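Accompanying notes for the structure given below.
The values are calculated or read from the model by the stated rules, or taken from the named source; none is laboratory data. Bear in mind the structure is a predicted one, so any value in this text is a computation, not a measurement. Note that each Cβ is placed from the backbone with ideal geometry, even for glycine, and that neighbours are counted across all protein chains shown. Heavy atoms of the whole protein, side chains included, go into the accessibility calculation; ligands, DNA and RNA do not. Shrake-Rupley method; radii C 1.70, N 1.55, O 1.52, S 1.80 Å.
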Amino acid sequence: MKHRYLKNVTTLAYSKEKCVGCKKCTEVCPHGVFDIKEKKARIIDRDSCMECGACALNCPASAIEVNAGTGCALAIIMGWFTGQEPTCGCSNSGCC
């Protein structure tokens, strides 16, 4: 099952210049955020990122950064567990 999170709020950052094309990000990402094209990773579905951090932890070139366990994705997950509307504390920016 593919999950979608809030649009354009993930902390995921990627540097194509640093990428060595090892494919680790595609192997560890549970939501298929990454793909490999022309021997480099690329983000194909940013809004599916749940900010677990597996990609960043497994990238040998430090081409990926994500603040695992932060942001709106965590708010949505906690909303599922508690049965409440998600809130990430950024209501002033209007993302939730």
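Could you tell me whether the stretch 23-43 includes any residue that is within 10 Å of the chain's Cα centre (by Cα), among the aliphatic types (A, V, I, L, M) and modelled with pLDDT of 75 or more? Looking for residues that are within 10 Å of the chain's Cα centre (by Cα), among the aliphatic types (A, V, I, L, M) and modelled with pLDDT of 75 or more, one finds at least one in the stretch 23-43, hence yes. In this structure, does residue 36 turn out to be without any contact (Cβ under 8 Å) to a residue 24 or more places away in the chain and open to solvent by 40 Å² or more (accessible area, probe 1.4 Å)? When the stated conditions are applied, residue 36 passes them.
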